[in-house]
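Read through the structure below, which is laid out as structure tokens, and then see the notes.
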């Protein structure tokens, strides 16, 4: 079937050794490794062959420092490689244009498949990096300063950042972080309603994923009324109105 | 750093052997393999620790047949495994609720990070499957019948399908499909405007990705005025208004 067969044990061990790193050694990535991870990104699946994503590879130290500050994640300045991961329907509309075809208007579809394509490509890149021994970190904090970051990287209409992604050699110990029980995430044939007791039990088991050991408290800071996501909401909405003409 | 080191050549060969399959052998997946790919999904990165996704594993043959028809992809009925890959902010709001916390209102953020988390987890699952020798196919066609598919799988408010994903043993020959030139997808420090000539040249090079060898024509059928994406747009928009209270 393929020349690349791994045993279930090998595969499970590989994914078990995924962990997120925010403190990196001050080393650069050899060009052969960079070539490999970018090639992996480009081999990702893509909706309707359209490759609706662009990465902005950040190499200018001053630009990195400004984006690190705007996104409140210092490792954007210090990682071996830092990328802005963007959804992109600009390029495909330009391609239609140079072939004399008028592009359609589909803002929700652009967000849907643009984010999908961007994440498939970047997740491929992260996994390829982990295969080479690196670790990385996805950064949602770019949503705190979307307009500034899009302006600094000169993103045209039709292109918006999903997140940033840093990759490097860890300078911090491994951490295995808990996940929700399988049966709360993988349903069979239909979505299964949750009981109060099982949600309370799994919240408790998720404790170690947070610094204070109190997962519901962390979730509430982000997703509760008045929390971080409600603060990001108007920033994202107004950015999308201007960038993909969301009505 | 890790016990799982691969050479750049190994990594590149692995990702080069990704290809999309729509015709599968009629075999089931051994439970050890299923366990491995689901574990890989759950190890994926997740925004703010929230795991904003759910998979609906489709095992009921009648349900599979109905969804295959609705999503116009027969292999949903015939693959070894078929999943509906969903963004999910319902579960985290239930968790807040059982801890006495009122959830916030952040529909654009829910779409953004919900799709992100769902795609990271499902792309992990696809890559784990490919490591075991399987191949798969992402299916955007669920967007043609979102309401019906959500009703059949009993998705609550806060949960919506991003796509389906089939996995199985290929019953068709491998195909290596072209991609855009690296420099059109990976930018450095700022988004580089494209010249007409380079877009025309790359459109031509992309020809073999389509059955007729005419990539711009395929793109135009999906993304041009009056094309498939404009037809899906109101379906997706009205679904999101009801499911994540998009205004």
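The values are calculated or read from the model by the stated rules, or taken from the named source; none is laboratory data. This one's a predicted model, so the numbers in the text were calculated from it and none came from an experiment. Positions of Cβ are generated from backbone atoms using ideal geometry, with glycine treated the same way; all protein chains shown enter the neighbour counts.
Need a quick list: helices (runs of 4 or more DSSP H) entirely within region A:8-91 having at least 3 residues that are touching a strand residue (DSSP E or B) at 6+ places or on another chain (Cβ under 9 Å) and farther than 23 Å from residue B:112 by Cβ. Don't jump to the end; show me each part of the working.
Numbers: elements: A:8-16, A:31-42, A:61-70, A:75-78.
Once the helices (runs of 4 or more DSSP H) in region A:8-91 are filtered for at least 3 residues that are touching a strand residue (DSSP E or B) at 6+ places or on another chain (Cβ under 9 Å) and farther than 23 Å from residue B:112 by Cβ, what remains is A:31-42.
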Qualifying residues in region A:172-196 (those that are at pLDDT below 95 and closer than 18 Å to residue B:48 by Cβ) - the one nearest to the chain's Cα centre (by Cα): A:177
Residue list for region A:131-171, filter: farther than 27 Å from residue A:108 by Cα and part of a helix (DSSP H, G or I): A:131
Per-region count, region B:130-147, residues within 14 Å of residue A:120 (Cβ to Cβ) and more than 9 Å from every other protein chain (Cβ to nearest Cβ): 1
In region B:85-112, the residues that are without any contact (Cβ under 8 Å) to a residue 40 or more places away in the chain, buried (at least 24 other Cβ atoms within 10 Å of the Cβ) and closer than 23 Å to residue A:183 by Cα: B:95
Test for residue A:207: is it facing another protein chain (nearest Cβ under 10 Å), in contact with a helix residue (DSSP H, G or I) (Cβ under 8 Å, 6 or more places away or on another chain) and without any contact (Cβ under 8 Å) to a residue 60 or more places away in the chain: no
Conditions (1) modelled with pLDDT of 95 or more; (2) surrounded by 14 or more Cβ atoms within 10 Å (Cβ to Cβ); (3) in contact with a strand residue (DSSP E or B) (Cβ under 9 Å, 6 or more places away or on another chain); number of the one not met by residue B:218: (3)
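Which is closer than 22 Å to residue B:44 by Cβ, part of a loop (DSSP other than H, G, I, E, B) and facing another protein chain (nearest Cβ under 7 Å), of A:222, A:194?
Numbers: A:222 fails: part of a loop (DSSP other than H, G, I, E, B).
Exactly one of A:222, A:194 is closer than 22 Å to residue B:44 by Cβ, part of a loop (DSSP other than H, G, I, E, B) and facing another protein chain (nearest Cβ under 7 Å), namely A:194.
Go over the candidates A:148, A:143 one by one and state the one that is in contact (Cβ under 8 Å) with a residue 24 or more places away in the chain, surrounded by fewer than 17 Cβ atoms within 10 Å (Cβ to Cβ) and closer than 21 Å to residue A:68 by Cβ.
On the way: A:143 fails: surrounded by fewer than 17 Cβ atoms within 10 Å (Cβ to Cβ).
Going through A:148, A:143 in turn, just one is in contact (Cβ under 8 Å) with a residue 24 or more places away in the chain, surrounded by fewer than 17 Cβ atoms within 10 Å (Cβ to Cβ) and closer than 21 Å to residue A:68 by Cβ: A:148.
Residue under question is residue B:78, and the condition is that it be in contact with a helix residue (DSSP H, G or I) (Cβ under 6 Å, 6 or more places away or on another chain), more than 7 Å from every other protein chain (Cβ to nearest Cβ), surrounded by fewer than 24 Cβ atoms within 10 Å (Cβ to Cβ) and touching a residue at least 40 places away in the same chain (Cβ under 8 Å); does it hold? Before you say what the answer is, go through the steps one by one.
Numbers: in contact with a helix residue (DSSP H, G or I) (Cβ under 6 Å, 6 or more places away or on another chain): no; more than 7 Å from every other protein chain (Cβ to nearest Cβ): yes; surrounded by fewer than 24 Cβ atoms within 10 Å (Cβ to Cβ): yes; touching a residue at least 40 places away in the same chain (Cβ under 8 Å): yes.
Against the criterion (in contact with a helix residue (DSSP H, G or I) (Cβ under 6 Å, 6 or more places away or on another chain), more than 7 Å from every other protein chain (Cβ to nearest Cβ), surrounded by fewer than 24 Cβ atoms within 10 Å (Cβ to Cβ) and touching a residue at least 40 places away in the same chain (Cβ under 8 Å)), residue B:78 does not qualify.
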Matching residues in region A:51-72 - criterion: being more than 14 Å from the chain's Cα centre (by Cα), crowded, with 22+ Cβ neighbours inside 10 Å and over 28 Å from residue B:224 (Cβ atoms): A:58, A:67, A:68
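Which ones in region B:14-41 are closer than 18 Å to residue A:183 by Cβ, surrounded by fewer than 22 Cβ atoms within 10 Å (Cβ to Cβ) and facing chain A (nearest Cβ under 7 Å)?
Of the residues in region B:14-41, the ones closer than 18 Å to residue A:183 by Cβ are B:31, B:34-41.
Then keep just the ones that are surrounded by fewer than 22 Cβ atoms within 10 Å (Cβ to Cβ); that gives B:31, B:34-35, B:38-39.
Correct list: B:38, B:39.
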Answer residue from region B:148-169, given it is more than 10 Å from chain A (Cβ to nearest Cβ) and over 22 Å from residue B:93 (Cα atoms) and is farthest from the chain's Cα centre (by Cα) among those: B:148
Some residue of region B:172-182 being in contact (Cβ under 8 Å) with a residue 60 or more places away in the chain, in contact with a helix residue (DSSP H, G or I) (Cβ under 8 Å, 6 or more places away or on another chain) and in a loop (DSSP other than H, G, I, E, B): yes
Yes/no for residue A:85 being closer than 26 Å to residue A:235 by Cα, within 11 Å of chain B (Cβ to nearest Cβ) and modelled with pLDDT of 95 or more: yes
